[in-house]
1. Using the Karplus curve 6.51 cos²θ - 1.76 cosθ + 1.60 with θ = phi - 60°, work out ³J(HN,Hα) for each residue of the range 176-181 in order, rounded to whole Hz, and write x for Gly and Pro.
2. Using a 10 angstrom cutoff on alpha carbons, build the Gaussian network for the chain and name the most mobile of Val122, Val277, Val110.
3. Take the alpha-carbon centre of the range 148-212, take the same for the range 58-76, and report the distance between them in whole Å.
4. In degrees between 0 and 90, to the nearest 10, how far off the longest principal axis of the chain does helix 191-202 point, with axes built from Cα atoms?
5. Taking K and R as +1 and D and E as -1, what net charge do the other residues with C-beta under 14 Å from the C-beta of Gly189 add up to?
6. Could you sort 140-153, 72-85 so that the peptide with the highest average Cβ count within 10 Å comes first and the rest follow in order?
7. Where Lys and Arg each count +1 and Asp and Glu each count -1, what net charge lies around Ala235 among other residues with Cβ under 15 Å from its Cβ?
8. Do any of Lys77/Lys237; Lys151/Lys275; Lys133/Lys237 go past 19 Å between their Cα atoms, and which?
Amino acid sequence: MNIGIDMMGGDFAPLEAVKGVKSYLAIHNTNVNLYCIGDEALVKPLLEEHQVTSPNLHLVHAPQIIGYNEHPAKALKEKPQSSIAIGFQLLAEGKIDAFMSAGNTGAMLVGAMFTIKAIPGVLRPTIGATMPKSDGSTGILVDVGLNADCKPEQLNQFAILGSLYASIMLGVNNPTVGLLNIGEEEGKGNALAQATYPLLQQNKQIHFIGNIEGRDILTPKANVTVCDGFTGNIALKLAESLHTIASERGHGEDAYFKRLHFENYGGLPVLGVAKPVIISHGISTATAFHNSIGLAVQMLETGFCDKIAQNFTA
C-alpha cells in the first residue's frame, strides 16, 4: 500500500514530519510505501541529517505551500504545486492509496470533497474523533467540526458513518448510538435535536439508545455520540484541555488522562469520502505523524472506505 504524507503541513513541519516518518519506519518493517510530499530543498536535507533511509521511502517534490490563513478553494486552485494539491492529485490518480496532512484544514476538506468526492449516497462527509471512555473502551464523537450547521438527515447519516467506524475500526460489536442533547427525554433540545431524534429512532442500520448528555461523552453509555460540528468541536477541544490541565497539575502520566492526548490518535479521518483522508492537528509532532500513518494503514487493511461504499450502495 502507498501512503502520501504532506511534509509541509503543521506548525513544526517539515522537521516533525521527518521524525514521524523515521519513527514509523523504525518500528514497522512492512510493505508500506511512504510518499513524502514537500519542498525537496527543505525535506531532503532533514531526511539525510536524521538518516531516514528505506527502499519504501519516496520523496515527491512540491515547491509550494498552502498557509493556514489562505482561502482553501482559492489556494488549491492557485497553488497546484503545493504539497496538499499534489497529494490529492496522486490520490485521485491512484498513485497513493491514502493521504494525510497537518496543514490547512479547509484545503484538506475541499480536496477531500471535490477531488476525491463523497461516496454516492452520502449527503455530507463528516469528521469523527475517537473518545477514550472511562471503562477503558474507545468510542467516537461525530461531527467534530466539518459541518457547523447541520440538517436532521445529515445527523442521521453521521450516526451510520460513526457506527461503521466503531464496528470496523474500533472492533465494537453492534455499537450503541446516542444523540448529544441537553437532557435525556425525547422532547428535549433545539429544533435540530428534536427533528433528528425520530430519524435515529426509525433507523434500522444503527442501535439508537436515545439522548445522552455532555457528561456521558467520556463514559461507556454510548459507543457513538452524534451532534453537529459546532457542538462537537467544542466538546472535543474541552476533552483535549483535560489532558493539558492534568499534565500541568502533575497527573499527565495517569493512564486515563494520557489517552486524552490527541497525538495518541494521530489524526481525524474524513468519513464518507471514497479514499482514506486523514487530517492531523496543526501542532502535531513526530508521535502524531507516526500514529496518523498507522491510522491510514489500518483504514486500508480493513477496507474501511470500500465497506462504507458497500453499505450505502445496499
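1. 3J(HN,Hα) across the range 176-181, in whole Hz: 7, 10, x, 8, 5, 8.
2. Of the options given, Val110 has the highest mean-square fluctuation.
3. 36 Å
4. Around 80 degrees separate the two axes.
5. Charge balance in the 14 Å sphere: -4.
6. Ranked by mean Cβ neighbours within 10 Å, highest first: 140-153, 72-85.
7. On the way: positive: Lys133, Arg215, Lys221, Lys237; negative: Asp143, Glu213, Asp216, Asp228, Glu240.
Cβ neighbours under 15 Å give a net charge of -1.
8. Result: Lys77/Lys237; Lys151/Lys275 exceed 19 Å.
All of the numbers you see were taken from the coordinates with simple rules; none came from a lab. These numbers come from a predicted model, not from an experiment. Heads up, the Cβs are rebuilt from the backbone with ideal geometry, glycines too, and the neighbour counts pull from every protein chain shown.
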